[in-house]
Amino acid sequence: VTIPGDKSISHRSIMLGSIALGTTEITHFLEGADCLSTIDCFRKMGVEIERKPSSILVHGKGLRGLTAPASTLNVGNSGTTTRLISGILSGQNFATTLSGDDSLNSRPMKRIMTPLNTMGAHIRSLNGCAPLHIRPGALHGIHYQSPVASAQVKSAVLLAGLYADSPTSVTEPALSRNHTELMLQGFGAYVATDLHTDGTATAHVEPCKELYGQQICVPGDISSAAYFIAAALLVPGSELLVKNVGTNFTRAGFLKVCKAMGADIETVSQTIEGGESRADLLVRYSHLKGTVIEGDIIPTLIDEIPMIAIMAAFADGQTVIRDAAELKVKETNRIDTVTAGLKAMGAVITPTDDGMIIEGTGHLNGASIQSYLDHRIAMAFSVAGLASDGETQIVDSQCVDVSYPEFYATLNSVSI
Ligand code: S3P
């Protein structure tokens with residue numbers, strides 16, 4: 001299987017392309033609903049974005065060239081769009097309103113409002129969630145000590161920092177995905193990261209006059225690849241080549257956990273482009289064993305935890321996941337939605353305040369599973385269904401469209 005483009009990198013390529021001078025050409029862009037929401041927002045602010053058969057062309061307007069949208073910007077289901085665009089909108093010379101679907105409008109936004117308002121923006125919300133009313137201000141650089149390891153928070157502050165009158169930095173408790181930093185460097189901004197010995201990390205950005213359009217080839221999304229890697233590991237007799245997987249070390253925790261669980265995964269070839277490493281992975285059915293997942297690795301696999309929890313149910317022995325309270329504020333509360341799905345399939349799982357404990361039993365029973373409209377729950381439990389005894393049904397399965405519209409077609413193509 002060839003894995004569709006990385007969602008995080010696809011969002012960032014539209015955003016930076018829109019605020020750069022000149023044209024940005026993006027290949028292997030993810031045409032999922034979330035990234036289309038980002039395109040829609042920038043089109044409403046005057047950016048011409050062409051969808052060609054094999055690439056996306058973004059005709060950038062420069063750092064200060066966006067224009068006021070005629071109406072509310074609709075961010076759909078996308079937390080990444082909402083939080084990152086808020087950093088950019090804080091530096092414009094017009095006010096905007098952002099709003100999304102019910103799930104998006106219940107996710108916490110104070111985490112970006114606090115630092116952006118400290119920088120001089122005026123972001124208001126009724127209850128700490130979207131809709132957000134963003135009135136820009138004269139921004140000044142700050143040092144922000146983020147209470148959470150969140151790339152969305154870090155990126156919002158760094159993007160606002162481009163518009164500030166002095167340098168900006170963000171320290172996070174553990175290093176989160178660094179795609180914004182890498183791509184900003186490619187577009188000509190000055191960005192640096194310090195990794196501290198205690199595991200914390202600080203990203204710095206300098207105020208910027210202009211960014212310059214680039215050619216971007218988006219690697220396959222490791223978060224999407226995880227479902228196929230897991231399917232091959234769990235279904236007896238499988239051997240699957242998963243091609244073009246982004247393996248940036250800030251995202252690759254899933255592969256480390258697979259190895260710790262005894263997975264047979266061979267790296268067949270590896271390249272690096274735009275600072276982002278990518279690899280083809282040959283995956284074979286493996287007898288998995290339980291493991292402990294905690295600490296600094298959590299931000300590098302946070303979106304893969306639903307899949308890991310299911311792998312743990314098929315493994316021998318206990319798996320403990322801790323330090324992952326961020327699961328509660330994803331598209332659904334994934335501690336609750338993973339627990340509900342796994343219990344329905346007969347797993348032995350105990351939810352905790354910051355994770356879950358799974359007693360591997362080696363098998364699951366097919367069941368009717370609620371996706372709760374969460375794409376990652378729908379995909380992870382589809383894979384669970386493949387490896388289970390009996391039939392599984394995923395309710396509201398079309399929600400996979402936000403990150404992987406071809407998911408079921410591709411899964412069918414590798415199943416016999
Ligand atoms: C993302 C960061 C992560 C991740 C999300 C995408 C990004 O969220 O869960 O799916 O593209 O920056 P947090 O930054 O809230 O951890």
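Quick one: which strands (runs of 3 or more DSSP E) sit completely within the stretch 212-281 and have at least 1 residues that are more than 30 Å from GLY22 (Cα to Cα) and of a type outside the set (D, E, K, R)?
239-246, 264-273
Please pick out the residue among THR72, THR97, THR81 that is modelled with pLDDT of 95 or more, touching a strand residue (DSSP E or B) at 6+ places or on another chain (Cβ under 9 Å) and within 16 Å of the ligand (Cβ to nearest atom).
THR81
Please give the number of the condition ARG43 fails out of (1) in a loop (DSSP other than H, G, I, E, B); (2) basic (Lys, Arg); (3) free of Cβ contacts under 8 Å to residues at least 12 places away in the same chain.
Tallying (1) in a loop (DSSP other than H, G, I, E, B); (2) basic (Lys, Arg); (3) free of Cβ contacts under 8 Å to residues at least 12 places away in the same chain, ARG43 fails exactly one: (1).
Could you list, in sequence order, all residues of the stretch 200-246 that are more than 21 Å from the chain's Cα centre (by Cα) and on the phi > 0 side of the Ramachandran plot?
Matches in the stretch 200-246: GLY237 only.
Being closer than 14 Å to MET307 by Cα and more than 16 Å from the ligand (Cβ to nearest atom) narrows it down to one of ALA232, ALA225, ALA260, so name that one.
ALA232
Restricting attention to the stretch 301-310, which residues are open to solvent by less than 10 Å² (accessible area, probe 1.4 Å) and not in a loop (DSSP other than H, G, I, E, B)?
GLU304, ILE305, PRO306, MET307, ILE308, ALA309, ILE310
So MET307 passes all but one of these: (1) touching a Leu at 6+ places or on another chain (Cβ under 7 Å); (2) touching a residue at least 60 places away in the same chain (Cβ under 8 Å); (3) within 18 Å of ALA232 (Cβ to Cβ). Which condition number does it fail?
(1)
Restricting attention to the stretch 118-153, which residues are in a helix (DSSP H, G or I) and touching a Lys or Arg at 6+ places or on another chain (Cβ under 9 Å)?
Hits for the stretch 118-153 are ALA151, GLN152, VAL153.
Could you pull out the residue among LEU57, LEU66 that is more than 24 Å from the chain's Cα centre (by Cα), of a type outside the set (Gly, Ala, Ser) and either surrounded by 15 or more Cβ atoms within 10 Å (Cβ to Cβ) or within 16 Å of the ligand (Cβ to nearest atom) (or both)?
Going through LEU57, LEU66 in turn, just one is more than 24 Å from the chain's Cα centre (by Cα), of a type outside the set (Gly, Ala, Ser) and either surrounded by 15 or more Cβ atoms within 10 Å (Cβ to Cβ) or within 16 Å of the ligand (Cβ to nearest atom) (or both): LEU66.
Filter the stretch 1-35 down to residues that are in contact with a strand residue (DSSP E or B) (Cβ under 8 Å, 6 or more places away or on another chain), open to solvent by 10 Å² or more (accessible area, probe 1.4 Å), within 16 Å of the ligand (Cβ to nearest atom) and not in a loop (DSSP other than H, G, I, E, B), then give me how many there are.
1
Which of the residues spanning the stretch 192-206 are hydrophobic (A, V, I, L, M, F, W, C) and open to solvent by 10 Å² or more (accessible area, probe 1.4 Å)?
If the condition is that a residue be hydrophobic (A, V, I, L, M, F, W, C) and open to solvent by 10 Å² or more (accessible area, probe 1.4 Å), then ALA192, LEU195 are the ones that fit.
If SER176 satisfies all but one of (1) open to solvent by 10 Å² or more (accessible area, probe 1.4 Å); (2) in a loop (DSSP other than H, G, I, E, B); (3) at pLDDT 95 or above, what's the number of the condition it fails?
It is condition (1) that SER176 fails.
What residue, among those in the stretch 144-166 that are touching a strand residue (DSSP E or B) at 6+ places or on another chain (Cβ under 6 Å) and over 17 Å from MET15 (Cβ atoms), is most open to solvent (accessible area, probe 1.4 Å)?
Taking the candidates together, the pick is GLN145.
Could you identify the single residue in PRO131, PRO115, PRO136 that is away from the ligand (no atom under 11 Å from the Cβ), touching a residue at least 40 places away in the same chain (Cβ under 8 Å) and open to solvent by 30 Å² or more (accessible area, probe 1.4 Å)?
Only one candidate passes the filter, namely PRO131.
Would you confirm, using the coordinates I've provided, whether ASP296 is surrounded by fewer than 21 Cβ atoms within 10 Å (Cβ to Cβ) and more than 27 Å from SER78 (Cβ to Cβ)?
No, not satisfied.
Okay, residues lined up against (1) in contact with a strand residue (DSSP E or B) (Cβ under 9 Å, 6 or more places away or on another chain); (2) in contact (Cβ under 8 Å) with a residue 24 or more places away in the chain; (3) away from the ligand (no atom under 16 Å from the Cβ):
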position: GLY295; (1), (2), (3): no, yes, no
position: ASP303; (1), (2), (3): no, yes, no
position: VAL338; (1), (2), (3): yes, yes, no
position: LYS343; (1), (2), (3): yes, no, yes
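Say whether the condition of being closer than 21 Å to GLY32 by Cβ and open to solvent by 40 Å² or more (accessible area, probe 1.4 Å) is met by at least one residue in the stretch 373-388.
Yes; the residues of the stretch 373-388 include at least one that is closer than 21 Å to GLY32 by Cβ and open to solvent by 40 Å² or more (accessible area, probe 1.4 Å).
Does the stretch 145-166 hold any residues that are more than 14 Å from the ligand (Cβ to nearest atom) and farther than 20 Å from LEU211 by Cβ, and which are they?
Matches in the stretch 145-166: GLN145 only.
Just to be sure before I move on: is ARG83 closer than 24 Å to LEU162 by Cβ, out of contact with any Phe, Trp or Tyr (no Cβ under 6 Å at 6 or more places or on another chain) and surrounded by fewer than 18 Cβ atoms within 10 Å (Cβ to Cβ) in the structure I sent?
No.
The values are calculated or read from the model by the stated rules, or taken from the named source; none is laboratory data. Keep in mind that this is a model prediction, so the values were computed, not measured. Neighbour counts run over all protein chains shown; Cβ positions are idealised from the backbone, glycine included. Only protein heavy atoms, including side chains, enter the accessible area calculation; ligands, DNA and RNA are left aside. Shrake-Rupley method; radii C 1.70, N 1.55, O 1.52, S 1.80 Å.
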